[in-house]
Amino acid sequence: MASKQQKVLFEAQKQLDSVNEQFKTLQILNEEGEVVNEAAMPELTDDQLQELMKRMVYTRILDQRSISLNRQGRLGFYAPTAGQEASQLASQFALEKEDFILPGYRDVPQMVWHGLPLSKAFLFSRGHFAGNQIPEGVNVISPQIIIGAQYIQCAGVALGMKKNNAKSVAVTYTGDGGTSQGDFYEGINFAGAYKAPAIFIVQNNRFAISTPVEAQSASRTLAQKAVAAGIPGVQVDGMDPLAVYAVVKEARERAINGEGPTLIETLTYRYGPHTMAGDDPTRYRTADLDNEWEKKDPLVRFRKFLEKKGLWSEEQENQVIEQAKEDIKEAIKEADNTPKQKVTDLITNMFETLPPNLEEQYEIYAEKESK
């Protein structure tokens, strides 16, 4: 008796291939700084192009000096940013002052360019409470250490903006590893359900500490995870500042027009370790992979583009470098001159009215600090 042929209720691979096909990487500048997608070119003036380059060069110096300060024991927690300047700074460059940034721990540069004083960033790294006291009118919150938790917060901030009829957006960042967290899905799903004006950025630098992105998910791209939440997703060359800017600018326009959130995956790379807390990237990254991504350096790519247009020179770059060094010197001096944090500060900052057990501890430490 012939065996009964099993019915195929759906074509699994065809379904996956259909989704994969929709998520191509958007690129405007190739590695040689040549425009390969004229139709996607954003409308930026020469001054704006130069300003974006200045910020990228400045931030590379800030990263180098921060690593040095960390090694000297003058900074605490620090997550290097070199390689991710296009992803970080071009996305922030597409925002307006009234927009709200909810950063992860590697996203201090976006906060600084959104108005956070550099001395505050240094104090945050030191764990000083003053580093978390954001000046009035600077629309950022302190960097989130819990992986992915800022996605939930972003959805809430964005919904508040919608309820207040504000023409602004909430923007948040996480890494490729963050997309494996439950908060990631909850955040994009909530924002999608309420059409909240949020922009969710995934900076895919290929390694969640030491775990390669291929081990994080069976999804071919991280951008296509937006499909499950019913929101649009796009993958962009995160080493290309023009492509990142263009995508975030369009996502912002969609959001303030009431069209809801967007998930953006930027393909980028961190040249340094995950953090300065002892991570050794040579244990999980090959020299060949590092070399491959060094050729995609966003500063080199953008510099070539601007030089061809006569908008950038070695003299301009050196001026930015010297200005960055001077600003960092002054900011670290200001951080050094901030009164040291005391145990009693930690207690009083947490409670308006102290519970009995902390009253006792407060008295003990107040006596010690008075000597």
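The values are calculated or read from the model by the stated rules, or taken from the named source; none is laboratory data. These numbers come from a predicted model, not from an experiment. Note that we place each Cβ from the backbone using ideal geometry, even for glycine, and neighbour counts take in every protein chain shown.
Does TYR284 fit the bill of being within 30 Å of ARG206 (Cα to Cα) and surrounded by fewer than 16 Cβ atoms within 10 Å (Cβ to Cβ)? Show your work before the answer.
Working: within 30 Å of ARG206 (Cα to Cα): yes; surrounded by fewer than 16 Cβ atoms within 10 Å (Cβ to Cβ): yes.
Against the criterion (within 30 Å of ARG206 (Cα to Cα) and surrounded by fewer than 16 Cβ atoms within 10 Å (Cβ to Cβ)), TYR284 qualifies.
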Checklist line | Qualifying position, being touching a residue at least 12 places away in the same chain (Cβ under 8 Å), in the same structural domain as ASP176 (by TED's automatic domain parsing), under 28 Å from GLY127 (Cα atoms) and not β-branched (Val, Ile, Thr), among TYR284, TYR362, TYR271 | finding: TYR271
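What tally of residues in the stretch 309-345 results from selecting those that are of a type in the set (Gly, Ala, Ser) and either at positive phi or free of Cβ contacts under 8 Å to residues at least 24 places away in the same chain (or both)?
Step one: of the stretch 309-345, the residues of a type in the set (Gly, Ala, Ser) are 310, 313, 324, 331, 335.
When the remaining residues are screened for being either at positive phi or free of Cβ contacts under 8 Å to residues at least 24 places away in the same chain (or both), the result is 310, 313.
So the answer is 2.
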Item checked: Selected residue (criterion: surrounded by the most Cβ atoms within 10 Å (Cβ to Cβ)) from residues of the stretch 202-227 that are in a helix (DSSP H, G or I) and β-branched (Val, Ile, Thr) -> VAL213
Check: Mind checking which residues of the stretch 339-371 are out of contact with any Gly (no Cβ under 9 Å at 6 or more places or on another chain) and outside any helix (DSSP H, G or I)?
Finding: PRO339, LYS340, LYS342, PHE351, GLU352, THR353, LEU354, PRO355, LYS371
Checklist line | Boolean, SER68 is free of Cβ contacts under 8 Å to residues at least 12 places away in the same chain and assigned to a helix (DSSP H, G or I) | finding: yes
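Out of GLY230, GLY272, GLY260, I need the residue that is surrounded by 17 or more Cβ atoms within 10 Å (Cβ to Cβ), at positive phi and at pLDDT 95 or above. Which one?
Going through GLY230, GLY272, GLY260 in turn, just one is surrounded by 17 or more Cβ atoms within 10 Å (Cβ to Cβ), at positive phi and at pLDDT 95 or above: GLY260.
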Next item on the list: State which residue pairs qualify: first residue among the acidic types (Asp, Glu) and inside the stretch 104-133, second residue in a helix (DSSP H, G or I) and surrounded by 19 or more Cβ atoms within 10 Å (Cβ to Cβ) in any location, beta carbons under 8 Å apart, and separation of 6 or more residues or different chains.
Entry: ASP107/GLN88
